[in-house]
Amino acid sequence: MGNGAWSDNTYRAASTFRRARGIDDFTYTSTLFSLPQAKWAASPALDPFGVGMRESRDSAEHPNSTPIAVLFDVTGSMGAVPRIMQAKLGQLHGLLQREGYVQDPQIMFGGIGDADTDRVPLQIGQFESDNRMDEQLRTIFLEGNGGGQKSESYELATYFIARHTVTDAWEKRGRKGYLFIVGDEMNKPVLTAAKLRQVLGEPARGQVDVAALYQEVQRRWDTYFILPNQSSYFTDRQVREHWRALLGERLLLLDDPAAVCELIALTIGLNEGTVDLTGGLDDLRRIGSGHGKAVRKALAGVGTGRRMIAPFDPDGDRRR
Amino acid sequence: MTAHRNQVPSDRHIIVVGLGFGDEGKGATVDSLCAAGGAAAVIRFNGGAQAAHNVVADGVHHTFAQFGSGTLAGVPTYLSDRMLVEPIALAAEADELERKGVRNALSLVTVHPDALLTTPIHVAANRTREDLRGTGRHGSCGLGIGETTWYDLAWQVRARPGDVVQNLTSPSIADEPALRVRDCRDPAVLQRKLDALQQFYAPLLLRGGHGAPSIDAMASLYREFAAAVRIAGDDYLTSLAQGGRLIFEGAQGVLLDEWRGFHPYTTWSTTTPANARALLTRVGQPAGYVLGVLRSYQTRHGAGPLPSEFSAAVGLLPERHNGTGAYQGGWRVGHLDPILLRYAIEACEGIDGLAITHLDRRGSGRFVMGYQYRGHRVSKLPLGAAQDLRHQSRLTGVLCDSTTVLQDLPQQADQFAAQIGDLLGAPVVLVSDGPDRKNRT
C-alpha cells in the first residue's frame, strides 16, 4: 500500500472522529468534503474576492457598535477551534453584552488557510449583532489542510482587515475595533501582489511588508494573536518570537483551546476597563465555565484597563 | 440439544479464548453471550486490529477487528492496556458499523490511556520486513501488530542499530518510549514520538516500497482520535464491573501464543487467558470463567505446522469469511486434533468450559488419535518451562515431521459434541450449528 491510500484513510479517519464530535454542525464543510477538491470554494457570503469594504455600522437598535473580528486558522488541527467557538457562541455574546463588557458588539468571523497550498485560503464574513453570526460561523469551510512550512496566510487576512473594513466606531467615535487571530504558526514572510490578485482580486503591484502591515492594522484595530495549545507549535520558540515582535504582549498563550471564547470575552472586558481580572474570573465561575485558570494564565502578561482612544481622525485609516 | 448439558454461569465474568490457531468462533460466541443479557462490556485484552471475528446477528454480518463482538448486541467495548490500538482502522470500522445500523459507534468504545498505538509507520516496517524475508515469511497479517510490540521491547533494552531483539534487527537507536494512547492528548509529546519513530525506521523503510502519511497528517488524526474517543483507565473498568459482568474477548488462538505457540510461527501477543486474569485481579474482581472455543475441525491461516492437515477438505468446507491475505497466506483445514487442543488447555492453565462451533459441518468426521513421529507414537505435547523458545521450536519440529493416526467420531451432533468433551476433559457448555446468533444454544 502506498502513501496515497494511507493518506486517504488517515484523512477519512480524521473526518470520522470529527463527525463523532459533532462536526456535522458545520454542514457547509461536510457538503464540500463530499465533492471533489476542484469544487471546493468559500461560500459566496464569505468569499473575499472582489469585496470592496466589510462594514460595521450603527443602527437604531445598536447605536454604539463595537466591531470584533475573530479570524481562525482552519488548517490541520486548528479546525477544532471554530467548533469550540460555535458551541460557546451564546456564552461569548452573553458575557460581552449582558455583563456589559462592551457596547453593542458586532462580531465577524473568518477563516485563514495557506494561500500557497489551500483551495480556500481566506474567508471573511460580515459584522453581525445577532444569531446570524452563528450561521456565518458554521458556513466557514474547515478545509483542514495547510502546507506545513510553519506558516499560514495570516497576513492576507490582516491585510483585508486593514484595507477592506470600514466602521462607524472609528469614523464617528474614533474608537478602535478588536481583531483576534487564532492560530499556531507564523505569517508568510511577504504578502505578494500575486496573492492579492488571486485571492482578493486586487490589481495589486509590489509586495506588502508584513511588519508594516501589522503596524497599519493596529492603528484602527486592537490586535491579538491567540496561540492555543492545539499543536506542537504551542511550545515553538520561533513562532512565539515571531508574534511577540509584531504584537508584543498581545500574543496570548492559551493552555486549553476550549477556553478561547472566555479568553476573547475577558480580553475585551479588560481592555475596555469594564471589568478587572478578578471580576472577570468571578463572572466565568458564575456562568459555570471551568476555564478561569487557562484564561488567567493567558492574560497574565497583558496590561489591564483603560483602552487607548485614538485622537479622532476620520482619515486616519487612509494613511498609507 | 440435550437437557443435561452444563451451562455457562450467568453471574461470573467470562474469558473467551480460542483453543486453535484462530478462527475458532470467538466472535460469534461473545455475541451470543452478550445477546443473552447481563454483560456490562466486552474487554479486549490482547492483539490489535488484526482480529477478524465474524458475527452474524439477525442477518447483519460484521467482521470485528477492534470493536468488541458484543457491539451488535449493544454492549460497549473497552480496549484495555494490553490491547494495541490502531485509530485509522478503528474509525473505518466505526463507519462500517454505522452503515450497518449501529448508531454513534465510537461512543461505544473506551480506550485505556496506556494502550500502545499502532501507526502506519509500524505497518510499513512490518510489511517491509515480511517482504525482505521472501519465502521465509512468518504468516504475519501485515498490520503492524508485532512491530508495535517489538518497538516497545526494543526501547526497553535501548536497542542500537543492528542489535537483534526477539529475532528482529533494530534499524536505529531506540531512544524514545513507544507511542501510547495517552500521548494523543499531548500535542508536543505526540509530535516528538512520531518524529522519533519515523527516524528510527527510516533505514529499514528505505529498503522497501512501504511508506506512511506525513507526520502532520498522523499527528492531526491522533489528536482528533483523542478528542472523539473516551480514554479512561482502571477506575473505569471497575465501574463497568459494577454494572454487570465483563466478557473478555481473546484475539487469535492459544496455539499462536508468543511463548506457548509453535515457534517461530507465533504472534507477538499473549493469547492465553493470562492477561484477562491479571486485569481482573488488578481491579479487585473475582476470577473469571474461562471458556475455550474450538471448531469441530482444525484450521490455520498461513504458514506453520498443522499435522492433521487435510487439504481435500478445504473444498468441502467452504469458508464464507476467510480468504487468503497478501501477507497472511492461505486458508488451511485439518482433522480435529485433540492433542493440539489438550496442549492448548494446558497452556491456559486449565479452562472451565468448552464452546464448540461449526457443528453443522463436522469436517472429516474423524479425529487425531496420535502422531507417528520417527517411529514413535506421540499422544501428548509436553508443556515446557516458561518462555523456553527452544522447547517451542522442538515442538514445531515434532509437529512438522509427524503423520497422524485417525479415528472416526460419532455421526450424530450430540454424541459428537459429547465425545469432544470427553476427549478434552472439559464440559461442553455452548454449541453452534450455523453462523447466525440463532444457531447458538
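Which of the residues that make up the range B:258-276 are part of a loop (DSSP other than H, G, I, E, B) and under 13 Å from the mean Cα position of the chain (by Cα)?
Those that are part of a loop (DSSP other than H, G, I, E, B) and under 13 Å from the mean Cα position of the chain (by Cα): B:GLU258, B:GLY261, B:THR266, B:THR267, B:TRP268, B:SER269, B:THR270, B:THR271, B:THR272, B:PRO273.
So is A:PHE127 touching a helix residue (DSSP H, G or I) at 6+ places or on another chain (Cβ under 7 Å), under 21 Å from A:GLN218 (Cβ atoms), at pLDDT 85 or above and aromatic (Phe, Trp, Tyr) or not?
On the way: touching a helix residue (DSSP H, G or I) at 6+ places or on another chain (Cβ under 7 Å): no; under 21 Å from A:GLN218 (Cβ atoms): yes; at pLDDT 85 or above: yes; aromatic (Phe, Trp, Tyr): yes.
For A:PHE127, the condition - touching a helix residue (DSSP H, G or I) at 6+ places or on another chain (Cβ under 7 Å), under 21 Å from A:GLN218 (Cβ atoms), at pLDDT 85 or above and aromatic (Phe, Trp, Tyr) - is not met.
I want to confirm something. Restricting to the range A:242-274 and keeping residues that are of a type in the set (Asp, Glu) and in a helix (DSSP H, G or I), which single residue is surrounded by the fewest Cβ atoms within 10 Å (Cβ to Cβ)? Let's see the steps before the verdict.
We begin by selecting, within the range A:242-274, every residue of a type in the set (Asp, Glu); these are A:249, A:255-256, A:262, A:272.
Still in the running and in a helix (DSSP H, G or I): A:249, A:262, A:272.
Working: A:GLU249: 12, A:GLU262: 27, A:GLU272: 20.
Within the range A:242-274, the match that is surrounded by the fewest Cβ atoms within 10 Å (Cβ to Cβ) is A:GLU249.
Might you check whether a residue that is closer than 30 Å to B:ARG192 by Cβ, modelled with pLDDT of 90 or more and within 14 Å of chain B (Cβ to nearest Cβ) occurs anywhere in the range A:254-277?
Checking the range A:254-277: at least one residue is closer than 30 Å to B:ARG192 by Cβ, modelled with pLDDT of 90 or more and within 14 Å of chain B (Cβ to nearest Cβ).
B:VAL102 - would you say it is more than 14 Å from chain A (Cβ to nearest Cβ), among the aliphatic types (A, V, I, L, M) and outside any strand (DSSP E or B)? Break it down into steps so the answer makes sense when it comes.
Details: more than 14 Å from chain A (Cβ to nearest Cβ): no; among the aliphatic types (A, V, I, L, M): yes; outside any strand (DSSP E or B): yes.
Here the answer is no, as B:VAL102 does not meet what is asked.
Looking at (1) at pLDDT below 85; (2) more than 14 Å from chain B (Cβ to nearest Cβ); (3) outside any loop (DSSP other than H, G, I, E, B), find the lone condition where A:ALA41 falls short.
All conditions are met except number (3).
Looking for something touching a Ser or Thr at 6+ places or on another chain (Cβ under 7 Å), within 14 Å of chain A (Cβ to nearest Cβ) and either among the hydrophobic types (A, V, I, L, M, F, W, C) or at negative phi (or both) - is there at least one such residue anywhere in the range B:69-79?
no
Quick one: which strands (runs of 3 or more DSSP E) sit completely within the range B:49-93 and have at least 1 residues that are within 24 Å of B:TYR222 (Cα to Cα) and touching a Gly at 6+ places or on another chain (Cβ under 9 Å)?
Values: elements: B:53-57, B:60-64, B:77-79.
Fully inside the range B:49-93 and qualifying: B:60-64, B:77-79.
Is one or more of the residues making up the range B:364-374 touching a residue at least 60 places away in the same chain (Cβ under 8 Å) and among the charged types (D, E, K, R)? Full working, then the answer.
Looking only at the range B:364-374, we keep the residues that are touching a residue at least 60 places away in the same chain (Cβ under 8 Å), and these are B:364, B:368, B:371.
Next, only the ones that are among the charged types (D, E, K, R) stay: none.
So far as the range B:364-374 goes, no, none of its residues is touching a residue at least 60 places away in the same chain (Cβ under 8 Å) and among the charged types (D, E, K, R).
Could you please give the count of residues in the range A:219-236 that are within 14 Å of another protein chain (Cβ to nearest Cβ) and either over 26 Å from A:ILE84 (Cα atoms) or part of a strand (DSSP E or B) (or both)? Show your work before the answer.
Filtering the range A:219-236 down to residues within 14 Å of another protein chain (Cβ to nearest Cβ) leaves A:227-236.
Retained after the next criterion (residues that are either over 26 Å from A:ILE84 (Cα atoms) or part of a strand (DSSP E or B) (or both)): A:227-228.
Total satisfying the criteria: 2.
Given B:ALA274, B:ALA226, B:ALA303, B:ALA241, which one is of a type outside the set (Phe, Trp, Tyr), modelled with pLDDT under 95 and out of contact with any Lys or Arg (no Cβ under 9 Å at 6 or more places or on another chain)?
Values: B:ALA274 fails: modelled with pLDDT under 95; B:ALA226 fails: out of contact with any Lys or Arg (no Cβ under 9 Å at 6 or more places or on another chain); B:ALA303 fails: out of contact with any Lys or Arg (no Cβ under 9 Å at 6 or more places or on another chain).
Answer to the selection: B:ALA241.
The values are calculated or read from the model by the stated rules, or taken from the named source; none is laboratory data. Computed from a predicted structure; not experimentally measured. Because the Cβ atoms are built from the backbone with ideal geometry, glycine has one as well, and the counts that use them run over all protein chains shown.
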